[in-house]
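The values are calculated or read from the model by the stated rules, or taken from the named source; none is laboratory data. What you see is a predicted model; the values in this text were computed from it and never measured. Virtual Cβ from ideal backbone geometry, glycine too; neighbours counted across all protein chains shown.
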Amino acid sequence: MARFVLLAIAVSIVTPAALGQQASPDARPDRLDKALITKATPAPRGSASARDAKQVKQYTIEQFMASTKLGGASFSHDEQSLLFHNNQSGIFNVYSVPVAGGEPKQLTESTKESTYLVSSFPADARFLYTYDKGGNENSHLYLRELDGAERDLTPGEKTKANFLKWSHDRKSFFFSTNQRDPKFFDIFEMNIADMKPVLIYQDETGYDFGDVSDDKHFIAFKKNGASTADSDVHLANLGTKEVKNITEHAGGDVGNEPAVFDPASKYLYFLSDEGGEFKYIARYELTTAKREVVEKAAWDVSETYFSHGGKYRVVVTNEDARTRIRVIEAATNKPIELPALPDGDITGVTISDSEKRMAFYHNGSRSPNNLFAYDFASRQVKKLTNSLNPEIDPADLVESRVIRYKSFDELEIPAILYQPHNADAQNKVPAIVLVHGGPGGQARMPYTALVQYLVNHGYVVLDVNNRGSSGYGKTFFTAD
């Protein structure tokens, strides 16, 4: 479904004082008062308000789109560099960059198919990557050999393959393909000594993969229910072949999904909104079937996972259209202090196998994704990329903010507001409303090139999280 629909309207950005109204003593700046929205046309460039406004350089859409897009992050086997992908060459390819900083080095040379990093190898310089053919979405897993040769590990004209995870001993990895039946993804283990896949689970149900336990005895799946708000966690015992629903519930929608097995293969951590509006972390003891709540938050927990040795556990929450990360020290169950960065989101946290380094992405309203490396011992952080087009001055861009307004039935609707530098009570500017697709979906605050282009050219943009959006509780998610 389309990312959003554009609705063009005209508004003026005004305040109660500008309308001759007395500001309410309990007025909140994050609310959008419908009385303050009026039809308007842009102020003439020669007007007093236009002359007094901040001088903002305008940029073309080509300049905005020329910023580099990045993704993926995997430490090299010696942890001296990070592999990732970007579209610097005009199409996505795999690159490496030293963790100490330096110029990224291109590792793949595709000029036709967008090529995305999957993972580096744990003991040598080989790596896995993926691409499809001509946009057919049948992506395969490929191995880049030490001599530069490419090897298709999942051949088949109509086969789609997904990398799942490395085994704990790093001697094999797990992946899934729909080669047997296009409707189902079977799970295989690939031993890297001979690169021969072994089937470990044949899916006849239509599960979504969750995790494989480090002792290789269990696989956790998500099984969707009758509605988009209803799901359960199914646990497959690879020894007995038994599959068990461990979150079975009666009546009403409950969202459950597997997160991760602990490194000792004693617990399965999962996310659930049972008994509440937002998803929290719970765990299931594999030997006793005992369930307990681990952690609740005021917002949805999106995911949680462990570092390789279990020293750290990462918790990701979706807080009012922003991604918040906490890295918890398992021994103390206390979060570590993350490096000070400009306002924005930290995403894609990857901790090295030695647990000495961490990689992550950081972005904000005025800055696209950039890759960073962090050293736990020295607490030094290093920015490794500069993705914003150097022709664009970030000061000419704008910060977003969350506002709220009342719907026809008094339901409070959150939205993300982008206001041009020169928009005020005297300088009326047109506006565009963005409506995202669904079901679910959510407008988020990180950098969006198209939105910043529109604002840079004088439009207010309101990116609405209409009823039915994700991230605001299951009642809001299921609202009509």
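Restricted to segment 223-336, the set of strands (runs of 3 or more DSSP E) holding at least 3 residues that are in contact with a helix residue (DSSP H, G or I) (Cβ under 7 Å, 6 or more places away or on another chain) and without any contact (Cβ under 8 Å) to a residue 60 or more places away in the chain is empty.
Of all the residues in segment 424-444, those that are of a type in the set (A, V, I, L, M, F, W, C) and either more than 30 Å from residue 66 (Cβ to Cβ) or part of a helix (DSSP H, G or I) (or both) number 1. Looking at this structure, is residue 468 out of contact with any strand residue (DSSP E or B) (no Cβ under 8 Å at 6 or more places or on another chain), under 25 Å from residue 348 (Cα atoms) and not charged (D, E, K, R)? Against the criterion (out of contact with any strand residue (DSSP E or B) (no Cβ under 8 Å at 6 or more places or on another chain), under 25 Å from residue 348 (Cα atoms) and not charged (D, E, K, R)), residue 468 does not qualify.
Screening the candidates 472, 447 for the property of being within 13 Å of residue 399 (Cα to Cα), at pLDDT 95 or above and in a loop (DSSP other than H, G, I, E, B) yields one hit, 447.
Quick one: would you say residue 462 is crowded, with 19+ Cβ neighbours inside 10 Å and closer than 30 Å to residue 66 by Cβ? Yes; evaluated as a whole, the condition is true for this residue. Only a single item in (1) of a type outside the set (A, V, I, L, M); (2) surrounded by fewer than 18 Cβ atoms within 10 Å (Cβ to Cβ); (3) in contact with a Ser or Thr (Cβ under 6 Å, 6 or more places away or on another chain); (4) assigned to a loop (DSSP other than H, G, I, E, B) is not met by residue 214, and it is number (2).
Okay, residues lined up against (1) exposed (fewer than 13 other Cβ atoms within 10 Å of the Cβ); (2) in contact (Cβ under 8 Å) with a residue 12 or more places away in the chain; (3) in a strand (DSSP E or B); (4) among the polar types (S, T, N, Q):
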site: 94; (1), (2), (3), (4): no, yes, yes, no
site: 119; (1), (2), (3), (4): no, yes, yes, yes
site: 128; (1), (2), (3), (4): no, yes, yes, no
site: 133; (1), (2), (3), (4): yes, yes, no, no
site: 157; (1), (2), (3), (4): yes, yes, no, no
site: 164; (1), (2), (3), (4): no, yes, yes, no
site: 176; (1), (2), (3), (4): no, yes, yes, yes
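Filter segment 279-324 for residues that are touching a Leu at 6+ places or on another chain (Cβ under 7 Å) and hydrophobic (A, V, I, L, M, F, W, C); which is nearest to residue 375 (Cα to Cα)? Across segment 279-324, the extreme among qualifying residues is 301. Residues that are under 21 Å from the mean Cα position of the chain (by Cα) and closer than 20 Å to residue 365 by Cα: does segment 471-480 have at least one? Yes, segment 471-480 contains at least one residue that is under 21 Å from the mean Cα position of the chain (by Cα) and closer than 20 Å to residue 365 by Cα.
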